[in-house]
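*Asks:* Below is one structure. I have some questions about it.
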Amino acid sequence: MSLPDANAWQLPWRGLGLSSNLDAGDQPHPYRLLAGSPGLFDFVEYSAPLSLEETRAHASLFPEMWERRGEVPVLFHPVHLNLYGPELEPVKALQDLDAHARAVGSAWVGNDIGWWHAGGQPFPGYLYFTPPFTEAGVRDSVAHALHVQSHLSMPLALENPAAFARRGELHVLDFLARVQARTGLPLLIDLGHLLSYQLAAGLPLEAGLDGFPLDKVIELHIAGGVVTRRRGRGYYVDDHTQPVREELFALLESLLPRCPSLRAVTFEGDGHPPEVAALTLRRLRELVPAAPRPPLTLTPVREPAPELTRESAPWSLFETGYGEKPETGGDEEGARAETDFRLAVVAETLDKDWPVSRLLLAGTREELRTFTASREFRELFEGLGRSPGHAFAAWARRRVRERPDEGAAAALSFETYLPSAFMMRAPPAPGPGQVGLAEDVRVGTFPVDLTELVFAAKSLRRHLTGRAWACEVLDVSGLESLAQVARRPAPGPWSFVVRRKGRRLEVVTLPPGMLKELCSLMQGPRAVEELPSPVLSEGLARGLLRRG
């Protein structure tokens, strides 16, 4: 494919922006925030699939974003884009990216230098792999970046990745400067990501900035995060739902006058309630006023992409990151912290669909690591699986065959069956004077009664989490009591209530009398006066019933 045909890139001043995942149900809703506080920010930077058609189909906020892009400009920050890893992005995917960015008027596209996905699957929690900060890592990242840029009509801005462990002889800023020098591409500095490296290396926050090409920086990111400490060492976890740390506000203030090519500052505030996001944006507005500035002219990059060497061994990073093999000869403490965080993200992902089975079969660090080191998990990223949940189900079934456990087998069978409750036709909506099941509630049946197990799993989670606050460690030995309960199910058949809550299903335990009344409503609504008053009151209060 020919390189972009343009004499110059004209990058407009975008000012202060707010990030969004384009889900109308997420907080903060950028357009409602602007409606309540006009001028609070200037643009929206959003994450979405590379394909415009896929984004249209799945991003519920896309229609409003599309309709208002003339008054509220947008920047596309895809995060589905590999700028490191064993394989280059397919040409078709990059053509989709270019068409998407051009259609919405994104003046540039920014992305972290990292390995985001493999085999069609993003890594759990979009927790990418950071390249090693070595000469081999530089070469492979340059190959990826120039390959992507060769298919784009607008510039690709290279973002410094987050880091738990020190891998390689280069400082992250030296690594980024070398990639920039060999590609000629502009830069995006994420302040929290920079803090993550400085903590891992035991360095002051501004270490490495002297001599760094700040004149190539066109965008800055600031977001929430948490600093944790163990064994005398600090780690920064890039969690956008958390408050922005004071040292990042200070770093932003010091960098603003030192970045002459700066075009945008983005607050990655996804997950913040609107009133909290507004407080942060007002503080940032004082640093980034709304006054317009002239466009920045950049010369398009025409460097051919070199061959990908794979010398930086991304699959070796995968195996270390998910605990299949230990780090040797490097930052072993940082590597363990990274593995622990990845395992926590995997557990959180699995608990959406397998909250009981996961505790019974992969409740400890070592058991969870056995899953992530399994062929079922690895095949997920080789194009042979559908989702982490499906990989866990396949591994769990094999695990129960090899080490029979009737309690775990019953839990696994139940949670495998659970989604089918929502495949049944929903009961009719209640009419005037009637009451029926809430729209997101169903009643199902199972051969044995797991009421105690469902309750015990929720209760034990609360107990162990509460103890962890006091003891500073999660005492997973307490899971043995859950295994006891799993081995003593009551006789069936068992009727149960299941409710959809966001992206997960919740089994609700109820007294027999109330359960009987809700079961009857699966046949259709009933007159309000036919339901016992306590059942009606509690059902409405818990969101299990609805009036016509």
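*Asks:* Please find, within segment 261-315, the residue that is farthest from Y46 (Cα to Cα) out of those that are assigned to a loop (DSSP other than H, G, I, E, B) and among the charged types (D, E, K, R).
*Replies:* E311
*Asks:* Among the candidates A177, A200, single out the residue that is outside any strand (DSSP E or B), farther than 27 Å from R14 by Cβ, touching a helix residue (DSSP H, G or I) at 6+ places or on another chain (Cβ under 9 Å) and assigned by TED's automatic domain parsing to the domain that holds S19.
*Replies:* Values: A177 fails: farther than 27 Å from R14 by Cβ.
Selected residue: A200, the only one of A177, A200 that is outside any strand (DSSP E or B), farther than 27 Å from R14 by Cβ, touching a helix residue (DSSP H, G or I) at 6+ places or on another chain (Cβ under 9 Å) and assigned by TED's automatic domain parsing to the domain that holds S19.
*Asks:* Another question about this same structure. What number goes with the only condition from (1) under 30 Å from H147 (Cα atoms); (2) surrounded by fewer than 13 Cβ atoms within 10 Å (Cβ to Cβ) that R293 does not pass?
*Replies:* Among (1) under 30 Å from H147 (Cα atoms); (2) surrounded by fewer than 13 Cβ atoms within 10 Å (Cβ to Cβ), R293 violates only (1).
*Asks:* Would you mind stating whether H240 is surrounded by 14 or more Cβ atoms within 10 Å (Cβ to Cβ), farther than 23 Å from F175 by Cβ and in contact (Cβ under 8 Å) with a residue 40 or more places away in the chain? Working first, answer last.
*Replies:* Values: surrounded by 14 or more Cβ atoms within 10 Å (Cβ to Cβ): yes; farther than 23 Å from F175 by Cβ: yes; in contact (Cβ under 8 Å) with a residue 40 or more places away in the chain: yes.
Taking the combined requirement at face value, the residue satisfies it.
*Asks:* I would also like to ask the following. Which residues, counting only those in segment 139-179, are among the hydrophobic types (A, V, I, L, M, F, W, C) and closer than 21 Å to G334 by Cα? Before the answer, list the steps.
*Replies:* Keep residues of segment 139-179 that are among the hydrophobic types (A, V, I, L, M, F, W, C), which gives 142-143, 145-146, 148, 152, 154, 156-158, 162-165, 170, 172-173, 175-177, 179.
If the condition is that a residue be among the hydrophobic types (A, V, I, L, M, F, W, C) and closer than 21 Å to G334 by Cα, then A162, A163, F164, A165, L170, V172, L173, F175, L176 are the ones that fit.
*Asks:* Can you tell me which residue within segment 422-470, out of those that are charged (D, E, K, R) and under 31 Å from the mean Cα position of the chain (by Cα), is farthest from R487 (Cα to Cα)? Break it down stepwise before answering.
*Replies:* Residues of segment 422-470 charged (D, E, K, R): 425, 439-440, 442, 449, 452, 458, 461-462, 467.
Narrowing further to those that are under 31 Å from the mean Cα position of the chain (by Cα): 439-440, 442, 458, 461-462, 467.
Details: E439: 34, D440: 31, R442: 26, K458: 17, R461: 19, R462: 21, R467: 25 Å.
Checking each candidate, the answer is E439.
Okay, residues lined up against (1) surrounded by 17 or more Cβ atoms within 10 Å (Cβ to Cβ); (2) of a type in the set (G, A, S):
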{"residue": "S254", "(1), (2)": "no, yes"}
{"residue": "G269", "(1), (2)": "yes, yes"}
{"residue": "L287", "(1), (2)": "no, no"}
{"residue": "L298", "(1), (2)": "yes, no"}
{"residue": "T320", "(1), (2)": "yes, no"}
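*Asks:* Here's another thing I want to ask about it. Only one residue in R369, R401 is assigned to a helix (DSSP H, G or I) and out of contact with any Phe, Trp or Tyr (no Cβ under 8 Å at 6 or more places or on another chain). Which one?
*Replies:* Working: R369 fails: out of contact with any Phe, Trp or Tyr (no Cβ under 8 Å at 6 or more places or on another chain).
When all the criteria are applied, what remains is R401.
*Asks:* Further question: Output the number of residues of segment 251-260 satisfying the condition of being part of a loop (DSSP other than H, G, I, E, B) and either of a type in the set (S, T, Y) or touching a strand residue (DSSP E or B) at 6+ places or on another chain (Cβ under 7 Å) (or both).
*Replies:* Going through segment 251-260, the residues part of a loop (DSSP other than H, G, I, E, B) turn out to be 259-260.
Next, from what is left, pick out any that are either of a type in the set (S, T, Y) or touching a strand residue (DSSP E or B) at 6+ places or on another chain (Cβ under 7 Å) (or both): 259.
Count: 1.
*Asks:* Could you please tell me which pairs satisfy a Cβ distance under 8 Å, a separation of 6+ or placement on different chains, a first residue in segment 1-19 that is under 17 Å from L296 (Cβ atoms) and assigned to a loop (DSSP other than H, G, I, E, B), and a second residue that is β-branched (V, I, T) and modelled with pLDDT under 95?
*Replies:* Every condition considered, the pairs that remain are A8/T299.
*Asks:* Would you mind finding the one in P491, P404, P428 that is farther than 30 Å from V345 by Cα and either exposed (fewer than 12 other Cβ atoms within 10 Å of the Cβ) or in contact with a Cys (Cβ under 8 Å, 6 or more places away or on another chain) (or both)? Can you show your working first?
*Replies:* Working: P404 fails: farther than 30 Å from V345 by Cα; P428 fails: either exposed (fewer than 12 other Cβ atoms within 10 Å of the Cβ) or in contact with a Cys (Cβ under 8 Å, 6 or more places away or on another chain) (or both).
Step by step, each of P491, P404, P428 is checked, and only P491 is farther than 30 Å from V345 by Cα and either exposed (fewer than 12 other Cβ atoms within 10 Å of the Cβ) or in contact with a Cys (Cβ under 8 Å, 6 or more places away or on another chain) (or both).
*Asks:* Within segment 27-49, track down each residue that is assigned to a strand (DSSP E or B) and at positive phi.
*Replies:* If we filter segment 27-49 for residues that are assigned to a strand (DSSP E or B), which is where we start, we get 43-46.
Within segment 27-49, none qualify.
*Asks:* Tally time: how many residues in segment 264-276 are of a type in the set (G, A, S) and either under 29 Å from L296 (Cα atoms) or without any contact (Cβ under 8 Å) to a residue 40 or more places away in the chain (or both)? Don't jump to the end; show me each part of the working.
*Replies:* Initial filter on segment 264-276 (of a type in the set (G, A, S)): 264, 269, 271.
Now drop any that are not either under 29 Å from L296 (Cα atoms) or without any contact (Cβ under 8 Å) to a residue 40 or more places away in the chain (or both), which leaves 264, 269.
Count: 2.
*Asks:* Oh, and also: Being of a type in the set (S, T, Y), under 30 Å from R285 (Cα atoms) and crowded, with 23+ Cβ neighbours inside 10 Å narrows it down to one of S141, S196, so name that one.
*Replies:* Unique residue meeting the criteria: S196.
*Asks:* Then there's this: Just one of D405, D440 is closer than 19 Å to T509 by Cβ, acidic (D, E) and in contact (Cβ under 8 Å) with a residue 40 or more places away in the chain; which is it? Steps first, please.
*Replies:* Numbers: D405 fails: closer than 19 Å to T509 by Cβ.
Unique residue meeting the criteria: D440.
*Asks:* Select the helices (runs of 4 or more DSSP H) contained entirely in segment 441-542, then report the ones holding at least 3 residues which are of a type in the set (S, T, Y).
*Replies:* Details: elements: 451-471, 480-486, 512-520, 533-541.
In segment 441-542, 451-471 are the helices (runs of 4 or more DSSP H) which contain 3 or more residues that are of a type in the set (S, T, Y).
*Asks:* Related question: For segment 256-278, give me each residue that is within 28 Å of the chain's Cα centre (by Cα) and within 28 Å of P204 (Cβ to Cβ). Lay out the reasoning, then the answer.
*Replies:* Looking only at segment 256-278, we keep the residues that are within 28 Å of the chain's Cα centre (by Cα), and these are 262-278.
Passing the criteria: L262, R263, A264, V265, T266, F267, E268, G269.
The values are calculated or read from the model by the stated rules, or taken from the named source; none is laboratory data. Computed from a prediction, not measured in an experiment: that's the story for all the values here. Don't worry about glycine lacking a Cβ; one is built from the backbone with ideal geometry, like all the others, and counts go over all protein chains shown.
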